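These notes are about the structure you will find just below.
The values are calculated or read from the model by the stated rules, or taken from the named source; none is laboratory data. Keep in mind the model is a prediction, meaning the values are calculated, not measured. Here the Cβ positions follow ideal geometry from the backbone for every residue, glycine too, while neighbour counts run over all protein chains shown. Note: areas computed on protein heavy atoms with side chains; ligands, DNA, RNA excluded. Shrake-Rupley method; radii C 1.70, N 1.55, O 1.52, S 1.80 Å.
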Amino acid sequence: QNKTQVIPLPEDAFVHNRLTHSLEVSSVGRSLGKETGKSLLKRYPELEAKHIENSDIGAIVASAALAHDIGNPPFGHAGEKAISEFYKFGAGQKYKSMLSQKQWNDLSNFEGNAHGFRLLTTSVSGIEGGARLSYATLATFSKYPKESFPEGIKDRASSKKYGFFQAEKNMFKTLAGHVGLISYSNEKNDLMWGRHPLAFLVEAADDICYTVVDFEDGYGLGIIPFETFEPLMKSLAGTYFNPKRYKQIKVEEEKAKYLRALAITNLVNSLSKVFLNNEKAILAGTFDRPLMDESELKPIIKKIINLSFKKLYNSPTVVDIEIAGFEVIKGLLETYTEAINDVYSGKSAYYATKIVQQLPKSCFNNEQKPDDDLYIRLLKITSYVASMTDAQALKKYRQLKGIELPNNP
């Protein structure tokens, strides 16, 4: 609820956060899954014989889409950079020589998607076994089914990032085997697979929402003028736009909502057709790019994204808070990693002991002690920080630095 989507720590209730964004992506994902599922059931009548309905496909995509951003750290994608740079260039550099190359890459190229897979499949949240989702849902969630090192196959969208940490690689192997993902792993046991077909629909739902809804946020905040917003959204609405109905809407804000709804509907139908046109290639593993890249609406989408980057994502408010967020995350990681490693090594420093006493159970082993494995200790601390909301991270930082005292019980 209090995690950055575009604008960090927004004061305006209009602005989307990670929760409202995820709910919208899930809703659009359900529509995409159901729309696509209708045609898939006609192509594969054996699915209907197994009592599978198009709503089942919609439910899988909706569930995976609801979880798609669960692993993102505070302060949006800047938070991912802040964690990575703490290890690459900050106090975390000293751990590099003590970790394997793949373990180091997990931390120094921190990835919210991999963290999401960890949260969904482990007992980090205090629930044994994680969220207990089906293999189909977890595979659909996994847009990047590979480990962090080595780099993926060029020109494959599924290997642009990575989708699981070394700590969860055996879980992902099991998952990939159950759903039959195409393996691109090599003789060195570098793990990489092709996407589950429905993962393309989750990506498409996310692309639709962040493009259209972020742009609408820009209008709502007064960053994108209506004169710019309106013609682009009319173009995106395509044949769904009804001039007669539009003239009846007198309030500008209501016009914006109407155009947004039509644009999303048109995009859902367009991207569903792209999926169906390329379905055999997707199943064969020869199609591996975003569905949006093949849509006839891509030129309009490109204009919107360029405007959003220029006006919204790089606005002074966003950049200023991202800079502050870097300091917050760096400070939390430095304090927590130092403290847990000091306690593990037997140092009895009062400060470190008190810091470790504050950490949740998820930062320790089953005996509620720091793990013997350095990589696991660091990953658990990093996961703890990455799981905070923007406001939680800021509050913890202020308390650790003595800027703010906790409220009396």
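Closer than 30 Å to Leu181 by Cα, within 24 Å of the chain's Cα centre (by Cα) and open to solvent by 40 Å² or more (accessible area, probe 1.4 Å) - does that describe any residue in the range 301-322? I'd like the intermediate steps shown before the answer.
Quick first cut of the range 301-322, residues closer than 30 Å to Leu181 by Cα only: none.
Within the range 301-322, not a single residue is closer than 30 Å to Leu181 by Cα, within 24 Å of the chain's Cα centre (by Cα) and open to solvent by 40 Å² or more (accessible area, probe 1.4 Å).
Select from the range 217-229 the residues that are under 27 Å from Arg30 (Cα atoms), free of Cβ contacts under 8 Å to residues at least 60 places away in the same chain and either open to solvent by 10 Å² or more (accessible area, probe 1.4 Å) or touching a strand residue (DSSP E or B) at 6+ places or on another chain (Cβ under 9 Å) (or both) and list them in ascending order.
Taking the range 217-229 as the starting set, the residues that turn out to be under 27 Å from Arg30 (Cα atoms) are 217-220, 229.
Now restrict to residues that are free of Cβ contacts under 8 Å to residues at least 60 places away in the same chain: 219, 229.
Matches in the range 217-229: Tyr219 only.
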Name the residue that is nearest to Thr239 (Cα to Cα), counting only residues in the range 285-299 that are touching a residue at least 24 places away in the same chain (Cβ under 8 Å) and open to solvent by 40 Å² or more (accessible area, probe 1.4 Å).
Glu296
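Restricting to the range 233-255, name every residue that is open to solvent by 30 Å² or more (accessible area, probe 1.4 Å), assigned to a helix (DSSP H, G or I) and not polar (S, T, N, Q). I'd like the intermediate steps shown before the answer.
Here is the first cut: in the range 233-255, the residues open to solvent by 30 Å² or more (accessible area, probe 1.4 Å) are 234-235, 238-245, 247-248, 250-255.
Among the residues that remain, those that are also assigned to a helix (DSSP H, G or I) are: 234-235, 238-240, 243-245, 247, 252-255.
Correct list: Lys234, Gly238, Tyr240, Pro243, Lys244, Arg245, Lys247, Glu252, Glu253, Glu254, Lys255.
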Which residue pairs have Cβ atoms under 7 Å apart, sit 6 or more places apart or on different chains, and have a first residue in the range 318-330 that is at pLDDT 85 or above and a second that is surrounded by fewer than 20 Cβ atoms within 10 Å (Cβ to Cβ)?
Lys330/Gly90
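Among what's in the range 179-211 and is assigned to a loop (DSSP other than H, G, I, E, B) and aliphatic (A, V, I, L, M), pick the residue that is farthest from the chain's Cα centre (by Cα). Can you show your working first?
First pass over the range 179-211, keeping only residues assigned to a loop (DSSP other than H, G, I, E, B): 180-182, 184-191, 194-198.
From what is left, the residues that are aliphatic (A, V, I, L, M) are 181-182, 191, 198.
Values: Leu181: 21, Ile182: 23, Leu191: 21, Leu198: 16 Å.
Result: Ile182.
May I ask you to say which residue of Tyr351, Tyr397 is of a type in the set (Phe, Trp, Tyr), open to solvent by 40 Å² or more (accessible area, probe 1.4 Å) and either outside any helix (DSSP H, G or I) or in contact (Cβ under 8 Å) with a residue 40 or more places away in the chain (or both)?
Values: Tyr351 fails: either outside any helix (DSSP H, G or I) or in contact (Cβ under 8 Å) with a residue 40 or more places away in the chain (or both).
Within the list Tyr351, Tyr397, the selection yields Tyr397.
Quick check on Asp214: is it modelled with pLDDT under 95, out of contact with any Lys or Arg (no Cβ under 7 Å at 6 or more places or on another chain), in a loop (DSSP other than H, G, I, E, B) and open to solvent by less than 50 Å² (accessible area, probe 1.4 Å)? Before the answer, list the steps.
Working: modelled with pLDDT under 95: yes; out of contact with any Lys or Arg (no Cβ under 7 Å at 6 or more places or on another chain): yes; in a loop (DSSP other than H, G, I, E, B): no; open to solvent by less than 50 Å² (accessible area, probe 1.4 Å): yes.
Judged against the criteria, Asp214 is not a match.
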